[in-house]
Structure formats: structure tokens, C-alpha cells
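*Asks:* The structure under discussion is supplied below as C-alpha cells; questions concerning it will follow.
The values are calculated or read from the model by the stated rules, or taken from the named source; none is laboratory data. These numbers were taken from a predicted model, which means no experiment stands behind them. Backbone-built Cβ (ideal geometry, glycine too); neighbour counts: all protein chains shown. Surface accessibility is based on the protein's heavy atoms, side chains included, excluding ligands, DNA and RNA. Shrake-Rupley method; radii C 1.70, N 1.55, O 1.52, S 1.80 Å.
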Amino acid sequence: MTQSHIATTTKQVSLGTTLRAIAAHRVVWPLAALALIFLIDFLISPNFFSIRVVEGRLFGSVIDVFYRAVPTAMVALGMAVVIGTKGIDLSVGSIIAIGGAVITWRIHAGDPHILILFWALGVGLLCGVWNGFLVAVLDIQPIIATLILMVSGRGIGLMINLLYGGTNPSYTSALLQGISTGHIAFIPTRLLVFLLVFFVLWALLRRTALGMFLESVGGNAKAAYLTGINARLIIFSAYIICGLTAASAGVILSADTHTSDPVSIGLNIELDAILAVVIGGGSLSGGRIYLGMTILGALVIQALTTSILTSGLPPEYNLVVKAFVVMVVLLLQSSNFRNLALSILARRKR
Amino acid sequence: MNEKYLPLTATIVVFLALFAIGGLLYNNFVSTLVLGDILADNAFIIIAAIGTTFVIISGGIDLSIGSMIGFVGVVMANLDVVGWHPLASAGMMLVFGLGFGALQGLIIDFCDIQPFIVTLAGLFLLRGSCFMVNLDAVPIRHDFVHDFAGVSIPLPGDGELHSSAIVMLVSLVVAVVIAHFTRFGANVYAIGGDKTSAGLMGVPMRRTMIGIYALGGFYSALGGVIYALYTSSGYPLAGTGNELTAIASVVLGGTLLTGGVGMVAGTLFGGMIFGLIATLINFNGSLNGAWIMIIGGVLLFLFIVLQRFLVGSFRLRSAA
């Protein structure tokens, strides 16, 4: 920020400082990563960007990236809010599992399907209240507080399944499956649902003071408290937001397979969501919430996965490539590493 | 009594209470046979958790444990196929674990990236490498595996201390010595207590950070070796989620995740508590695996709340 400011105001702008300023800007590296991945995809399969209409909906690799990124991106939005308060939520995968189990249970109990959506959100709310209670009221560190629900949540999901018999019960629901896999006017419905969630969250954070409060609590909880912000309440609300976005992702993921499978649904999604936030420039030490950048981070992760599949590499390479890309993006974001790399480059030129 | 021993005492009390409950419910539960089996079955996870204890005392976290266990097993199994002696491949993997951990520590300290993210990348890298080597379980057929399993020290009663439990106890003693009787150990506690103060007081930050994660990597690799020898196979999915069990064992053992407070010996009991719960549920027979998860979560909750109030009332840390 300061560097770019200096670069534009002083007249003797050297190329080096401009480059350094660009390199230090938070939007550059994730965007460059996404562009590079797409470029490689284009070189591998030239029709990567072709979009066609099949059976009234858009089809194509790029659409597929967006389509598959939705659950992770949705979880990551809530995660970004929690990370902004210097917290972390490891239990999102378990919330998805419990949500999926409750959805299936209530459908079997014969509830109207529109009501099921509220059941799912209720699960997210309840889990968020639990995590928020542990973190904000009992003052337990977030990583261990949410570990409790992470460890036990999938077990709770299995118990709910056993309530009415069956290990992995399935269901059919036109409404839920429509939300997950349907389309409205060529566009996949889940993209529209995602935009709705994003817009609501954006309005909540940026059109009310809540976003500023969350960031100030994350930056320095004590200072925020001394300026009159109810820090506990604000942290509480962050975990509730995260629970709700996780439950929304749970509706989409559960309806995708229309099965309650608590053991494997949303497995490792907490890791992907945290990665999305970090790739998007959010620091785990709190104080900043970048909603748009978080979506970019989720897209980088999904684009990587999709391009490994389209490039014909065995899917086993997925994790290794993901690890390397994550490390490269993170190393480039570290100023220490950038300076080291630049000094090595400079030495070579001499 | 010194208040720093309170969390450890609570852990041991819970362990004994659970053992007594088992004794009340089932005949012959309180025996060295059951105890020896719990030690042997959970040796690999306790070994890995011992290394994690150092990482957590320093205020960090290591998520790459489970993948390391899987990766070590897969490599050992494949080297066995081409005729390596298990001891040779084990030695190589221990060096690899040490180096991999050191690299993680270097990146964490030099690039100032949170341990959570760096070791998460480590998790992906090692697990992905497992899948790249092979997708199926590969048996380790060398005679040494059989000989290793045969080694045991008889305990009073019917029980015996199996070879994996012996390795675990020896590595625990080594870890206790490192933690409490070396300068490095003191530095680890200092960094966990307050990183800035430790740096100002002259603790060699980079060297200690690299050492901490190298130790973590070494111990998780040793856990992987023991797991591979114990199951006599390498399976690419082995150890999935074990990093959480290890972290939970450390927490149950009375180490605070805020860093600076904890005992390596507590981790032994923390890990044994998890093993005991699994054994109790197996003894019951009618309960399913979901209960292990739920009871594990409940216990974790109780311990964390207990620790929370201990910290609050006894000021183990002034500003947690």
C-alpha cells in the first residue's frame, strides 16, 4: 500500500520499485495463479474455454470449475469471517455431515421440503452457537474448541442415521436436488444460491458496521473492547455466520448425492476452505476479511483439481500438485522470501 | 503440590478411573494383558504425539503427522519388495522425517507463515506422494517383521510388553530427557511462553524452530515405522486423521495449546485414554464406531474446560 503510494507520487519511478509494489499487492499472486492454471489448461486442451448449451443449461470446463467450487467457496466465505476475528473453524465438515443427516431424517419424517431448508440452517445455527460459546464465552482457543465438534460431529451424524434405521439412507426431493444440481435460465441454480449468500454476507459486513467490528476484534480484541465493542458478541456472531454458510454448503453437497453419508461428505473441506482464505490473502492472525479474494482462492483450488483431471494426469497427482501450488503462492506472499528471490536475481544480473 | 502438575494429575486420574470402570463392567479387564495390548495397539500414535508435544509446547501445530505415518509405511513396503532390510529402510525414513520436519520449520520461521498452513501443505504433499507410489496395500514379508513382533518382555500377570510398546517407552524417556534436561528443551518452553521475550533473551530462534519441527517429523516417522512393522504392510490411506488423534492426545495429556505449558509424559496418558475408550467400546460389542467419535469429543470437551478453569484459577499462564 505505502509502496504503491510512493511509486505513484515520486517522479523518479524506477522499474524495480513499481515491480516490487505490484508484486506486493495482494490481488496479484492469486489472480496470476488462476490465469496461469487456465492458460496451461488452454494449451493442453484448446476447447477448454468453449461453452455450449446442452439440455437448457451451460456446459463447459470453465462452468464446471465454477459449479464444483461452490460448496468450498461457500464454506470459505464463513471461514474468512471467522479467520478475520483471529479464529478458525475446523468443524465445518462435521456441520455439513450433521446437516446432511438431519435433512435426510426430516425428509423421511415427511416434513414439507421448504421447511427442511430451515432445519438445515437451524443445524448450522446450533453448531455455530456451540462453537461461539466455547470460543467467546469459555475463552478456549478456536482451533481446539472447534476440534471438539470436528471429532464428534460425524459420529452425531451416524447416530441420527441410526435413529430411523439404515447406515446411509437416501432420499429424493425435487426442491433440494433442484437447488443443488438444477438450473434456472441456463445457469446452474447453485451458482445463483451462492451469489445470494455472497450478497447477503457482503451487505451484512460492508453495509453495516459488523464487518468493521469483526476486523477490529480480529486485529486487537482488547483494543476493540476498550473502544466499546462487545468483543464476545462479535466473535459469537462470526461462528454463527460460519455455521450457517457451512450448513448451506451442506444442503448443496447432501442433495448432490441425495444420501446421508456422514463419514465421507465434505471430507477435508475445512482444509480447502482455510486454504482458499489464505490463498486469497487472509492472514490467520486475523484483522482482515476479504470476501471476493476468498472466492478467488476457492476458484484457484478447484481450477487446479479440474485441470489435473482434464489434463489426463492420474487423479493421484492432485494432492501433490495442490501442495506445490499452495506453497508457491504462500512463499510469494512472504516478503522475506520475495526479498531473498530478488536479491538472488539481482546478483545473477551482475 | 506444584500447580504445573495439576493437568497431568487430572489426566492420570481420568485414565485410572476409566480403567476402574472397565474393571467394574467386565471381568479380567484390570490386567496387565489388557494394559499391554493398549500400549502396543496405540504405540505408533503415542510416539507421533510425543513429537507433537514439542511442537505444541512451542505454540505451533503439526498437521503432517498422519500423512507421514502413511508415507513411511508405503515407502518401507515398496523397498521391502526390492529387497531392502526393514531396518535399513526404517533408518532412511527416520532421516527423511527429520529432514522433512526441518524443512517445514525453516519455511515457518524464515517465511513467517503460520505452522497450520505450512504443515497442511506437508499433509497434502505426503498423502499425495503415497497415492503416487501405489494405491493398494503392499505387504512387508521380510522375516525381520516376524522377529520384531516376537520380541516382548513378560509383565507380572499374563501380560507382556510388546516390542512396539518398548520402542514407544524408550522414545518417551528420550523425549522427557530432551524436554527437561537440555538447553534445547528449555528454549522450546521459552518460545512457547512468549516468542518475543525468548528472542530478546537470546534464544536462537531459527535453530530452535527448525529443531522443534525436525523432532516432530522424526517422531512421526518413527510412529510410521512402528505402524508399518506392527501391521506388516504399507497402505497409502494409513494414518488418515491421525494428526487429530495425536493433537487430542497431547491436549488430553495436559499440554496447553497456547504453548509454554505441558509435559511430554502426559501425552502417554492422553494417548492411552483414547486407546482405553476404544477398548471399552470393543469389549461392549453392541456399540458402534460412532460412539468412539462422540465419547472422544465429549472427553476432549471436559478436559479443555477443566484446563481452562485450571488456567483461570491457578494462573499457569498470566495472559492466555
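*Asks:* Quick check: the distance between the Cα centres of region B:238-294 and region B:70-91, to the nearest angstrom?
*Replies:* The distance from the Cα centre of region B:238-294 to that of region B:70-91 comes to 28 Å.
*Asks:* State the number of lysine pairs found in the protein assembly as shown whose Cα atoms come within less than 28 Å, restricting to pairs 8 or more positions apart or on distinct chains.
*Replies:* Working: A:LYS11/A:LYS349; A:LYS86/A:LYS222; A:LYS86/A:LYS322; A:LYS86/B:LYS4; A:LYS86/B:LYS195; A:LYS222/B:LYS4; A:LYS222/B:LYS195; B:LYS4/B:LYS195.
Eligible lysine pairs with Cα atoms under 28 Å apart amount to 8.
*Asks:* Mind checking which of A:PHE133, B:ALA248, B:PHE144 is farthest towards the positive end of the protein assembly as shown's charge dipole, using Cβ charges of +1 (Lys, Arg) and -1 (Asp, Glu) about the Cα centre?
*Replies:* The Cα lying farthest towards the positive end belongs to A:PHE133.
*Asks:* Is the shape of the protein assembly as shown rounded, prolate or oblate, going by the alpha carbon gyration tensor and its root eigenvalues a ≥ b ≥ c, with a/c under 1.5 for rounded and a/b larger than b/c for prolate?
*Replies:* Details: a/c = 1.41, a/b = 1.24, b/c = 1.14.
Rounded shape, in that the Cα axes give a/c under 1.5.
*Asks:* Quick one: net charge of B:TYR213's neighbours, Cβ under 14 Å, K/R +1, D/E -1? The partial results should precede the final answer.
*Replies:* Values: positive: B:ARG206, B:ARG207; negative: B:ASP62, B:ASP109, B:GLU243.
Net local charge, B:TYR213 excluded: -1.
*Asks:* Within region A:175-248, list the trypsin sites (Lys or Arg not before Pro) lying in a DSSP loop whose Cβ has at most 10 other Cβ atoms in a 10 Å radius. Don't skip to the answer; put the middle values down first.
*Replies:* Details: sites: A:ARG190, A:ARG206, A:ARG207, A:LYS222, A:ARG232; in loops: A:ARG207.
Counting only loop positions with at most 10 other Cβ atoms within 10 Å, the trypsin sites (Lys or Arg not before Pro) in region A:175-248 are A:ARG207.
*Asks:* Which of rounded, prolate, oblate describes region B:179-265, given a ≥ b ≥ c as roots of the alpha-carbon gyration tensor eigenvalues and a/c under 1.5 marking rounded, otherwise prolate only if a/b is larger than b/c? Walk me through the numbers on the way to the answer.
*Replies:* On the way: a/c = 2.70, a/b = 2.01, b/c = 1.34.
Verdict is prolate for region B:179-265.
*Asks:* Mind jotting down the three principal axis lengths of region A:169-262 based on Cα atoms? Whole angstrom, largest first.
*Replies:* So the three principal-axis extents are 52, 32, 16 Å.
*Asks:* With a ≥ b ≥ c taken as the square roots of the eigenvalues of the C-alpha gyration tensor of region B:131-203, please select rounded if a/c is under 1.5 and otherwise prolate if a/b is larger than b/c or oblate if it is not? Intermediate values should be presented prior to the final figure.
*Replies:* Numbers: a/c = 4.27, a/b = 1.70, b/c = 2.51.
The shape class here is oblate.
*Asks:* Another question about this same structure. Of A:MET79, A:MET293, A:MET327, which has the largest mean-square fluctuation in a 10 Å C-alpha GNM of chain A?
*Replies:* Maximum fluctuation in the GNM of chain A, among the listed residues, is at A:MET327.
*Asks:* May I pose another question? P(r) of region A:193-350 in 5 Å steps, Cα pairs, percent per bin?
*Replies:* Each 5 Å bin holds this share of Cα pairs: 2, 7, 12, 16, 16, 15, 13, 9, 5, 3, 2, 0, 0.
*Asks:* Here's something else I'd like to know. Only counting protein heavy atoms at a 1.4 Å probe, give the residues of region B:281-295, ordered by number, whose accessible area falls by 40 Å² or more when the other protein chains are present relative to the chain alone.
*Replies:* Hits at the 40 Å² cut-off: B:ALA290, B:MET293, B:ILE294.
*Asks:* Per residue and in cubic angstrom, what volume does the convex hull of the Cα atoms of region B:41-172 have? Show your work: numbers first, answer last.
*Replies:* Working: hull volume 15.7 nm³, N = 132.
So the per-residue Cα hull volume is 119 Å³.
*Asks:* Can you give the average number of partner chain beta-carbon atoms within 10 Å of each beta-carbon in peptide B:256-265, as a whole number?
*Replies:* Working: counts 2, 7, 2, 1, 0, 0, 0, 0, 0, 0.
So the per-residue partner count for this stretch is 1.
*Asks:* Moving to a separate point now. How large is the charge dipole for region B:38-150, taken about the Cα centre, if only the Cβ atoms of Lys, Arg (+1) and Asp, Glu (-1) carry charge, to the nearest 20 debye? If you can, show how the numbers build up before the last one.
*Replies:* Numbers: 2 positive and 8 negative charges, 22 e Å.
Approximately 100 debye in magnitude.
*Asks:* Starting from region A:16-63, pick out the trypsin sites (Lys or Arg not before Pro) whose DSSP state is loop and whose Cβ has at most 16 other Cβ atoms within 10 Å. Walk me through the intermediate numbers first.
*Replies:* On the way: sites: A:ARG20, A:ARG26, A:ARG52, A:ARG57; in loops: A:ARG26.
Within region A:16-63, the qualifying trypsin sites (Lys or Arg not before Pro) (loop, at most 16 other Cβ atoms within 10 Å) are A:ARG26.
*Asks:* Also: Which percent of Cα pairs goes in each bin when the distances of chain A are cut into 20 angstrom slices starting at zero?
*Replies:* Distribution as computed: 28, 55, 16, 1 percent.
*Asks:* Continuing with the same structure: Among B:LEU120, B:LEU252, B:LEU87, whose mean-square fluctuation peaks in a Gaussian network model of chain B (Cα, cutoff 10 Å)?
*Replies:* For chain B, modelled as a Gaussian network with Cα springs under 10 Å, the answer is B:LEU87.
*Asks:* Same structure again: For region B:160-314, what relative contact order do you get, as a whole percent, if you take Cα pairs closer than 8 Å and at least 6 residues apart? Before the final figure, lay out each step's value.
*Replies:* Details: 102 pairs, mean separation 30.9, N = 155.
Once divided by the residue count of region B:160-314, the mean separation gives 20 percent.
*Asks:* Follow-up question, since we're still on this one. Placing +1 at every Lys and Arg Cβ and -1 at every Asp and Glu Cβ, with all other atoms neutral, what dipole size does chain A have around its Cα centre, in debye to the nearest 20? Before the final figure, lay out each step's value.
*Replies:* Working: 21 positive and 12 negative charges, 308 e Å.
It works out to roughly 1480 debye.
*Asks:* Just the number, please: Stokes-Einstein D of region B:257-302 in µm²/s, Kirkwood Rh from C-alpha pairs, 25 °C, 0.890 mPa s.
*Replies:* Numbers: Rh = 11.9 Å.
For these conditions, the coefficient is 206 µm²/s.
*Asks:* Please give the average number of partner chain Cβ atoms lying within 10 Å of the Cβ of each residue in A:154-163, rounded to a whole number.
*Replies:* Working: counts 5, 11, 4, 2, 6, 5, 1, 1, 2, 0.
Going residue by residue through A:154-163 and averaging, the value is 4.
*Asks:* Please list the three semi-axes, largest first and in whole Å, of the ellipsoid equivalent to region A:45-151, using sqrt of 5 times the eigenvalues of its alpha carbon gyration tensor.
*Replies:* Numbers: eigenvalues 217, 97, 19 Å².
They are 33, 22, 10 Å, listed largest first.
*Asks:* In the protein assembly as shown, carbon and sulfur make up what percent of the accessible area (probe 1.4 Å)? If you can, show how the numbers build up before the last one.
*Replies:* Working: 19480 of 28720 Å².
Answer for the protein assembly as shown is 68 percent, counting heavy atoms of protein chains only.
*Asks:* What is the packing order of peptides A:85-96, B:174-185, B:103-114, taking the mean over residues of other C-beta atoms within 10 Å and listing the highest first? Please list the in-between numbers first.
*Replies:* Working: A:85-96: 29.3, B:174-185: 15.1, B:103-114: 20.0.
My ranking of the peptides, most packed first, is A:85-96, B:103-114, B:174-185.
*Asks:* Give the residue from B:GLY105, B:THR231, B:PHE309 lying farthest towards the positive end of the charge dipole for chain B; charges sit on Cβ (+1 for Lys and Arg, -1 for Asp and Glu) and the dipole is referred to the Cα centre.
*Replies:* B:PHE309
*Asks:* How many angstrom lie between the Cα centre of region A:100-124 and the Cα centre of region B:194-234?
*Replies:* Each part reduced to its Cα centre gives a spacing of 45 Å.
*Asks:* Between helix A:291-310 and chain A, what is the angle of the helix's C-alpha long axis to the longest principal axis, kept within 0 to 90° and rounded to the nearest 10?
*Replies:* 80 degrees
*Asks:* For the protein assembly as shown, give the magnitude of the charge dipole about the Cα centre (Cβ charges: +1 Lys/Arg, -1 Asp/Glu; no others), in debye to the nearest 20. All intermediate terms of the calculation are to be shown ahead of the outcome.
*Replies:* Details: 31 positive and 26 negative charges, 531 e Å.
Its charge dipole is roughly 2540 debye.
*Asks:* Among B:ASN288, B:ALA49, B:ALA90, whose Cα sits farthest toward the positive end of the charge dipole of chain B (+1 at Cβ of Lys/Arg, -1 at Cβ of Asp/Glu, about the Cα centre)?
*Replies:* The listed residue farthest towards the positive side: B:ALA49.
*Asks:* Which residues, if any, in region A:129-152 lose at least 40 square angstrom of accessible heavy-atom surface (probe 1.4 Å) when the other protein chains sit next to their chain rather than the chain being alone?
*Replies:* Residues of region A:129-152 that lose at least 40 Å² of accessible area once the other chains are added: A:LEU138, A:ILE140, A:GLN141, A:ILE143, A:ILE144, A:LEU147, A:ILE148, A:VAL151.
*Asks:* Let me ask something else. Please provide three numbers in whole Å: the alpha-carbon extents of region A:111-185 along the principal axes, with the largest listed first.
*Replies:* 45, 35, 20
*Asks:* Rolling a 1.4 Å sphere over the protein heavy atoms, what is the accessible area per residue of region B:73-202, to the nearest Å²? Each step should come with its number before you reach the end.
*Replies:* Values: 6170 Å² over 130 residues.
That works out to 47 Å² per residue.
*Asks:* Please report the relative contact order for chain B, taking Cα pairs under 8 Å with a sequence separation of at least 6, and give it as a percent rounded to a whole number.
*Replies:* For chain B, the relative contact order is 35 percent.
*Asks:* With a 1.4 Å probe, how much accessible area is buried between chains B and A, both sides summed, in Å² to the nearest hundred? Before the final figure, lay out each step's value.
*Replies:* On the way: alone 14580 and 17710 Å², together 28720 Å².
Using a 1.4 Å probe on protein heavy atoms, the buried area is about 3600 Å².
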